[in-house]
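Structure record follows, encoded as structure tokens.
The values are calculated or read from the model by the stated rules, or taken from the named source; none is laboratory data. This is a predicted model, so every value here is computed, not measured. No Cβ is skipped: glycine too gets one built from the backbone with ideal geometry, and neighbour counts run over all protein chains shown.
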Amino acid sequence: MSGFSLNAQTLRTLCAAGFVAPAVLFTQSRDALREVTRPIVTGLLQAVGIQAQDHGTAMTVGRLEVPWTRDCAGVNLLLIMLALAVWVNRQEKAGVKYWLRVAAMVPAAQAANVLRVLTLIAYRSIAWPAVESPQTPYFMGFIRMVPFLTLITPCGGRPLSHALLETLHAAAVVALLAPMTGMPNGSLITMAAVLALAQCRIRQDFWRLRRCLTALWVVAGFSVAMMNLESFWLPWLLCCPLLLDLVWLRTPGGFLVLLSTHSMVTMQSWAPVIGWTGIALAILPWLKNTPTPAAAPATATPARPGPPWQRFTLTSACILCFALPFPASTLLSMGQVQWMPPLTVQSRPPGSRGYEVRLPGQSDHIALATYGATGRDRHHTVQVCLKYRGTELTPEPDHSGVYSDGKHWLREFFLQDQQWIAEYGTYLKNTFRPGADPGVHLIFISPMDRVTPDLFAKESSSLASTFHDLCTGKPTPAHNDLLAIQP
């Protein structure tokens, strides 16, 4: 064990990373602070003359029905802000000042969460009846976190702009990462993102190269937004040229770690092999505490920072771009027509999103819920969708695509580009091209005590085919029979 030793700075960085990763994963937990947030929000609205009533699981604000979901989760924001406080102060001494900064995040998180909920209510009031994209609440959380995080950011003898750039970058990464922890291989994405974040610090080496790469990075960000390639946002943020260690990126571990932050990659069956291998290769040099290309000073090109105006321009552009992943989908989807089921089927909206659909030949024991895309965003899997709502699904081992919550069978399909798709991987590939229609998400559900998983799989597949035919205008056998008996 003589080859393994940790200096103080490396140990503090590993401890901070060990706090951030579980905190981000726990942002999918049950919100224990909503009992505190709800009366504060209701009281503030009533104090300014707005009619607001708390119904427990939802709140009525004028004509709005605001559900208390994880979008309003105070414990989530608290964990994120505690994680960021530990992260941005990871090189500070663990004295009284350090612990005061961490403790200050408890009331700050409560205040930021109340402001976020109020901002969300105001947004919904203005945009009604439109519904915001899933990224919008996280963007509002990011904006509300910024003033509090700037107060606990240590400068460490550096310019304040450097410290703020690093803090805002970390906040954007963690805010974007939080909803991704519920995806397949979410723990892999989280660990890879935190390790990549550990390599992000303001850099002044290779300045001419970084200046050119920053301009390309900004252009790439707007291209990702225009082409609706959401899976690129996290690796794009982590690749900010003013922060990322370019030498570390060239190592096998660095490349594999950054690759593992791409959700499209981590959806593949081989992702855990390359992902955890990259994480091991990235951590090993820290444990050995030996000079590595990533840790060694970059002496190949002397540090020649550009003039102040140039550094200010690039820093300002990066700070503005850190917020780009959150509102991009909402802004680009303005004016988009909301999807509705065809008039040839019975349907009714169960709430602000989606429709309950009744198809010809549909049994009483099986139900169908359909969801159009929110803006230009692709649909999540049914596992991810329900996990956001506190329901865990387990796959049925003998029937591919069938899931169970312990009481019901569930199965999903997608209608996209005039075809129906049963596999989420195929759906992702079909929607990966620029300008692709995100399509419609179909979720079938049936009580477990009413039908076997085999029969449920067959019925749901047949009904999905029928619904596809109705949406594309193709007559179904059931409709042909109805037409034959009409006078």
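With respect to the conditions (1) crowded, with 18+ Cβ neighbours inside 10 Å; (2) part of a loop (DSSP other than H, G, I, E, B), F414 lacks only one, and its number is (2). When you scan the stretch 131-150, do you find a residue that is in contact with a Phe, Trp or Tyr (Cβ under 7 Å, 6 or more places away or on another chain), buried (at least 17 other Cβ atoms within 10 Å of the Cβ), modelled with pLDDT of 75 or more and closer than 23 Å to F322 by Cβ, even just one? Checking the stretch 131-150: not a single residue is in contact with a Phe, Trp or Tyr (Cβ under 7 Å, 6 or more places away or on another chain), buried (at least 17 other Cβ atoms within 10 Å of the Cβ), modelled with pLDDT of 75 or more and closer than 23 Å to F322 by Cβ. Among residues of the stretch 168-226 being within 17 Å of the chain's Cα centre (by Cα) and polar (S, T, N, Q), the one that is farthest from F255 (Cα to Cα) is T181. For the stretch 413-454, give me each residue that is under 30 Å from M227 (Cβ atoms), at pLDDT 80 or above and among the aromatic types (F, W, Y). F413, F414, W420, Y424, Y427, listed by residue number.
Applying the condition of being β-branched (V, I, T) and farther than 16 Å from V88 by Cβ to the stretch 102-117 and asking which residue is modelled with the lowest pLDDT yields V106. Figure legend. Inter-residue proximity from the stretch 401-418: first residues at positive phi and assigned by TED's automatic domain parsing to the domain that holds V384, second residues of a type in the set (V, I, T) and at pLDDT below 90, beta-carbon distance below 9 Å, spacing 6+ or different chains. Indicated pairs: G406/T394; D417/T431; Q418/T472. Only one of the listed residues (P235, P252, P241) is touching a Lys or Arg at 6+ places or on another chain (Cβ under 7 Å) and at pLDDT 90 or above. That residue is P241.
Of the residues making up the stretch 413-426, those that are aromatic (F, W, Y) and under 17 Å from F467 (Cα atoms) are F413, F414, W420. Could you tell me which residue of the stretch 258-272 is surrounded by the most Cβ atoms within 10 Å (Cβ to Cβ), considering only residues that are part of a helix (DSSP H, G or I) and at pLDDT below 90? That would be T266.
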